[in-house]
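The values are calculated or read from the model by the stated rules, or taken from the named source; none is laboratory data. Given the structure is predicted, the values throughout are model-derived calculations rather than measurements. Glycine gets a Cβ as well: all are built from the backbone with ideal geometry, and neighbour counts include every protein chain shown.
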Amino acid sequence: MKIALLQSGNQGFFPRFYSDLTRTVEKNGDELRLFVPNTGINNRRKVPHQVIWGSRLNWHFHFYMYRLTGLQDIWSFFSTIDLIRKIRKYSPDVINFHVVNDCNLCIPLLVRYINNHNIPVVWTFHDVRAITGRCAYFDEVGCYKWKTGCYDCPTNNNWLTPSLVDNTRLEWKIRKKWFTIISNLTIVTPSEWLACYVRESYFKDHPILVINNGIDTSEFAKEQTNISPQILNNGKKIILGVASVWNKSKGIDTMEWLGEHLGDDYQVVVVGNIENELKKKALHLLCLPPTNIKSELIAIYQKADVFVNPTMEDNFPTVNIEALASGIPVITYKTGGSAECLDSKCGIAVEKGNRKALLEAVIYLCSHFEAYSRENCIERSKCFSLSQFDKYVELYHCVSNK
């Protein structure tokens, strides 16, 4: 069986997700190709079995048309024709959408092709942008206009440069019209939190499944000695946070607040890229750059005493699973599906935005390690192992009847 996977960019968590999915698909004797638009990041970060479609000129044209009109999903006509040509040549049995509405596709053209050729679609939602007129997350601002029709979007929309006009009302209508007429569509969400929202959206009449993100938990459980000398400190308790990019939505200001209030017995360490203005304010943090060497990242996890994820917008963060698989307990806000990987023996979830409760949880956990043991954390992480990707393979075969 052939699977075509559509994704806007090889960045963030996605390359690891794709690598693990590819291994599982090929182990089953099936074939997978990744179709990505012609952007700088996709050309720099090539992955196996990658097919690039469209042109750089198209991406710039689409982006500037979005800036002028506030509409994202209708401009890339010629690039979408190129994508369709390459999909036709590959002749997949299933198409798996991931993030596709990101200034690179003419959705009506693609949907017509899919329906005319009766190709089943599995759509993995990594955020909520497919059910809104623009934003990737709405819970931080408490906006639920998407249930009946977006307008006057209140979000800052950090993931995309703002348009000159707010056209979210029309964009929501375009998405509702074209997304919901895909004839054979199954939606997958990594968290029950997101699935609940999708069931309230215009996708409510389509099958909606939850398949949690998975990782190679055994790899994170192996003891690593490759550790940064910067965090080999004088017996302090290490409070760790990891993100690909740290900003206010990821909770960098909360990590700084913890560093200020925890005292000299603790060291708060953050790994990842930090915006320059925010980094200048991070006076109580040890900031480490991101690493693409997995053994280094695992070693940092294993050196920590507690993992803290103060995210304000998230779906089912893989970093929580990585921390558990490394044997360290997790403290997180009850944001999105961030707490869904925890049980009472491996971590604590507190109300979103309650810094005092987060601080108290860190102090409590650091004095009760026996109740949140390494063994408990590793055992819990096994619920989110690579076996999650077997569920994708089963779903591909189910929807294609092959």
TODO: State all residues of region 57-85 that are in contact (Cβ under 8 Å) with a residue 40 or more places away in the chain, part of a helix (DSSP H, G or I) and farther than 14 Å from L109 by Cβ; if no residue qualifies, say none.
DONE: W59, F63, Y66, R67, L68, T69
Task: Among the residues listed as K352, K345, the single one being surrounded by fewer than 19 Cβ atoms within 10 Å (Cβ to Cβ), charged (D, E, K, R) and not in a helix (DSSP H, G or I) - done: K345
Task: Among (1) assigned to a loop (DSSP other than H, G, I, E, B); (2) more than 22 Å from N213 (Cα to Cα); (3) among the polar types (S, T, N, Q), the one test that Q11 misses - done: (2)
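Residue by residue, here is whether (1) outside any loop (DSSP other than H, G, I, E, B); (2) modelled with pLDDT of 95 or more holds:
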position: W178; (1), (2): yes, yes
position: I182; (1), (2): no, yes
position: T186; (1), (2): yes, yes
position: C196; (1), (2): yes, yes
position: F203; (1), (2): no, yes
position: H206; (1), (2): no, yes
position: N212; (1), (2): no, yes
position: E219; (1), (2): yes, no
position: Q224; (1), (2): no, no
Open item on the list: Condition check: buried (at least 21 other Cβ atoms within 10 Å of the Cβ) and either touching a residue at least 40 places away in the same chain (Cβ under 8 Å) or of a type in the set (A, V, I, L, M, F, W, C) (or both). Does N96 satisfy that?
Closed with: yes
TODO: Answer with yes or no whether S163 is in a loop (DSSP other than H, G, I, E, B), hydroxyl-bearing (S, T, Y) and more than 23 Å from E200 (Cβ to Cβ).
DONE: yes
